[in-house]
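The next block holds one structure in the form of structure tokens; read it before the comments.
The values are calculated or read from the model by the stated rules, or taken from the named source; none is laboratory data. This is a predicted model, so every value here is computed, not measured. Don't worry about glycine lacking a Cβ; one is built from the backbone with ideal geometry, like all the others, and counts go over all protein chains shown.
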Amino acid sequence: MRQEKASAIIAGASGLVGDELLHQLLACEHFNIVYSLSRRELPFHSKNLTQIVHPELRVTTWNETDHTPTYGYICLGTTTKQAGSSKDLEAIDYQLVKDVANTMHLLGVKNITVVSSLGAHPWSPSHYLRCKGKMEQALSKMGFARCTFVRPGPLTGERSKPRKDEIIVQRLFEIIHPLLMGPLGNLEPIPAEDVARNMLTLSLEPEYTDSKKTQVISGKALKRKKSSHKNDKNKSA
């Protein structure tokens with residue numbers, strides 16, 4: 001019996017991780033329709049891609065004949081420098097992500113996977129990490145059947161508008177890389193492509209065997225996931 005394909009929705013597909021993830025979703029045989037929620041139209045097209053464009057990332061119309069997305073992916077985020085202030089950062093990294101997740105839940109998403117940050121905690125002294133922690137806490141209480149947060153360390157990859165701070169961090173880690181052992185391994189930069197691949201793979205894994213509906217995957221664990229995927233490929237070859 002042929003398994004019916006699913007539909008997915010992604011927000012933040014114009015960013016570093018989101019762009020990689022969108023292309024992987026469109027290439028994944030598990031999905032027949034992928035909805036992208038963005039502020040501006042994305043510069044490419046696919047027969048399996050339906051773009052929803054709204055300046056505030058809202059879904060204002062939905063037809064009963066539209067496929068219900070059961071998988072949701074959020075790759076939204078900014079920096080204080082980009083946002084302009086701590087208040088504006090919180091409006092994006094906490095409030096906007098929460099609003100988008102709520103929209104996805106209302107549309108029918110059961111399984112949501114979200115990019116967070118290494119060190120995220122609702123009581124962190126860092127405003128940035130506190131926003132990420134509050135976001136995780138809020139989404140975990142929304143009633144999704146599965147909720148996965150990936151917490152990568154510094155990201156590598158090509159942005160349309162490079163972030164100066166990321167370039168500096170990448171060059172620094174090229175020097176101190178041999179020292180990143182044990183817990184410090186979480187600080188090792190990870191390619192955005194690998195983060196996206198892990199998000200997709202984690203979301204498609206069988207249901208959790210325990211009662212927990214929420215899981216958090218850190219930068220170091222993402223590297224282990226990456227390695228295990230390579231081993232699986234080698235076994236099946």
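Can you confirm whether GLY119 is farther than 30 Å from LEU26 by Cα and modelled with pLDDT under 95?
Numbers: farther than 30 Å from LEU26 by Cα: yes; modelled with pLDDT under 95: yes.
So GLY119 fits the description; yes.
Considering only region 29-47, how many residues are surrounded by 16 or more Cβ atoms within 10 Å (Cβ to Cβ) and part of a loop (DSSP other than H, G, I, E, B)?
1
If you check ASN63 against the conditions, is it farther than 22 Å from PHE144 by Cβ and surrounded by fewer than 20 Cβ atoms within 10 Å (Cβ to Cβ)?
yes
Tell me, yes or no, whether region 77-88 has at least one residue that is under 14 Å from the mean Cα position of the chain (by Cα) and outside any strand (DSSP E or B).
Yes.
Could you tell me which numbered condition GLN95 fails, if it satisfies all but one of (1) outside any helix (DSSP H, G or I); (2) touching a helix residue (DSSP H, G or I) at 6+ places or on another chain (Cβ under 9 Å); (3) surrounded by fewer than 16 Cβ atoms within 10 Å (Cβ to Cβ); (4) not hydrophobic (A, V, I, L, M, F, W, C)?
(1)
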